[in-house]
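First the structure, in the form of structure tokens, and then the observations on it.
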Amino acid sequence: MDIRNVLVADAVDEACVALLQRHSIQVDCKYKLSKEQLIQAIQNYDAIVVRSDTKVGAEVIQAGSRLKAIGRAGAGVDNIDVNAATARDVVVLNTPGGNAISACELTCALIANLARNVAAASASLKAGRWDRKLYAGRELSGKTLAIIGLGRIGKEVALRMQAWGMTTIGFDPIVTPQEAQQFNVQYLELDALWRRADYITVHTPLIPATRNLINAQVLGSCKKGVKVINVARGGIVNEGDLLAALKSGQCGGAAIDVYEQEPPTNPVTLELIAHDKVVATPHLGASTAEAQVRVAVEVAEQLIALTGRSPEYKSTSGVINRAVLEKLTTA
Ligand SMILES: NC(=O)c1ccc[n+]([C@@H]2O[C@H](COP(=O)([O-])OP(=O)(O)OC[C@H]3O[C@@H](n4cnc5c(N)ncnc54)[C@H](O)[C@@H]3O)[C@@H](O)[C@H]2O)c1
């Protein structure tokens, strides 16, 4: 694929630019373009790299008369219209593995926070109170963590929380009970899993099968006081149902990094975030120095691999619309 120049439209780590330039690809960084400016600019480039801020919708893709590839430095392609890209034979790729450890570590930090009320107790002390009784917690050791989605992040969360003494149980439609056992996760069907869980953490993509996966019925079938963590995607946990379960006490606490709408303005989401038993972070799962360098390098490596110019970089494992790539490489 002939990629001679790339527009970097979001603040991706400079490692991306450096690697592309080392492979004789010209790079321009133009951040915070309006939709109209992007539609103008895209006409001059063979590829575009974005993080989360820039939306690469159908109009932008159609304006990109030279456009051959769209790279997202991060996991997921929510801000890219993959159908429009596929219709125009534009390859869409992301870097799903690059931030897995960062998302995993935030998940573990949030689980510990829920057990020991770290965020709430710290806010209370900063506000001048000395409330030791209110913030007494529970040990994680001996508790059961249910992990929905045993892919890259789910598996790493299991391994780390086992070190805290948690029993790990889980479900994933493409993982066998034997595979789960290899990393000490007891595989259970969902009905059985809900009944056993003290904590539930979700690590699936947001797809029709996982939208509202954690809902009123599920929460009702859990132990009273179950705690819920979502560092995957907003919409997997139904926000209204979670709020109702927190109010009734059926849910004993929740930690949320991702929301149905970001930044959130919906009153239900805002009430959820403000709830005493909720620890909320503004989509920080991938926000570490290490993950940002890793995803920047991975997106550049894959664009270079598409050009076929490097004996070193050959993997295009983050391509979402593989049929386009196959069509272009066999043409
Ligand atoms: N908060 C953040 O900043 C952040 C950072 C990185 C990743 N993520 C998100 O975390 C999630 C997991 O990422 P990953 O890299 O582990 O993905 P992955 O593809 O490695 O694993 C996801 C797993 O979910 C499983 N799954 C699909 N449908 C399921 C269902 N109905 N029930 C149970 N499991 C199901 C898949 O089979 C797969 O094994 C994704 O949604 C990703 O976008 C969020």
Considering residues that are surrounded by fewer than 18 Cβ atoms within 10 Å (Cβ to Cβ), within 25 Å of G285 (Cα to Cα) and not aromatic (F, W, Y), the number found within the range 31-55 is 4
Picked from the range 195-221 (must be in a helix (DSSP H, G or I) and within 14 Å of L242 (Cβ to Cβ)), the residue nearest to the ligand (Cβ to nearest atom) is V218
Any idea which of (1) more than 29 Å from G98 (Cα to Cα); (2) touching a residue at least 12 places away in the same chain (Cβ under 8 Å) is the one Q217 doesn't satisfy?
-> (2)
Answer yes if at least one residue in the range 248-270 is part of a loop (DSSP other than H, G, I, E, B), within 11 Å of the ligand (Cβ to nearest atom), among the acidic types (D, E) and more than 14 Å from I148 (Cβ to Cβ), and no otherwise.
-> yes
Can you name the residue in the range 10-29 that is in contact with a strand residue (DSSP E or B) (Cβ under 7 Å, 6 or more places away or on another chain) and assigned to a helix (DSSP H, G or I) and is also surrounded by the most Cβ atoms within 10 Å (Cβ to Cβ) among such residues?
-> C16
Restricting the search to the range 87-98, which residues are away from the ligand (no atom under 16 Å from the Cβ) and under 16 Å from A47 (Cβ atoms)?
-> R88, D89, V90, V91
For the range 74-101, enumerate the residues that are in contact (Cβ under 8 Å) with a residue 40 or more places away in the chain and part of a helix (DSSP H, G or I).
-> V82, A85, T86, A100, I101
Looking at I169, is it over 26 Å from A121 (Cβ atoms) and loosely packed, with under 14 Cβ neighbours inside 10 Å?
-> no
Would you point out the residue of the range 116-159, among those that are part of a helix (DSSP H, G or I) and within 14 Å of the ligand (Cβ to nearest atom), that is surrounded by the fewest Cβ atoms within 10 Å (Cβ to Cβ)?
-> L159
V299 being β-branched (V, I, T), within 16 Å of the ligand (Cβ to nearest atom), in a helix (DSSP H, G or I) and out of contact with any Leu (no Cβ under 9 Å at 6 or more places or on another chain) | no
Is the range 207-226 home to any residue that is surrounded by 15 or more Cβ atoms within 10 Å (Cβ to Cβ), within 24 Å of T167 (Cα to Cα) and of a type in the set (D, E, K, R)?
-> no
With the condition kept exactly as written, say whether any residue in the range 47-55 is in contact (Cβ under 8 Å) with a residue 24 or more places away in the chain and part of a helix (DSSP H, G or I).
-> no
Which one of these does S310 not meet: (1) small (G, A, S); (2) under 25 Å from R211 (Cβ atoms); (3) at pLDDT below 95?
-> (2)
Within the bounds of the range 103-111, is there any residue that is within 12 Å of the ligand (Cβ to nearest atom), under 27 Å from the mean Cα position of the chain (by Cα) and within 16 Å of G318 (Cβ to Cβ)?
-> yes
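Conditions tested, residue by residue: (1) surrounded by fewer than 22 Cβ atoms within 10 Å (Cβ to Cβ); (2) aromatic (F, W, Y); (3) more than 25 Å from V157 (Cβ to Cβ).
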| residue | (1), (2), (3) |
| --- | --- |
| V228 | no, no, no |
| E239 | no, no, no |
| P267 | yes, no, yes |
| S287 | yes, no, no |
What's the number of the condition L7 fails, among (1) outside any strand (DSSP E or B); (2) more than 19 Å from I320 (Cα to Cα)?
-> (1)
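The values are calculated or read from the model by the stated rules, or taken from the named source; none is laboratory data. Predicted model only: the values in this text are computed from it and were never measured. FYI the Cβ positions are ideal-geometry reconstructions off the backbone, even for glycines, and counts take in every protein chain you see.
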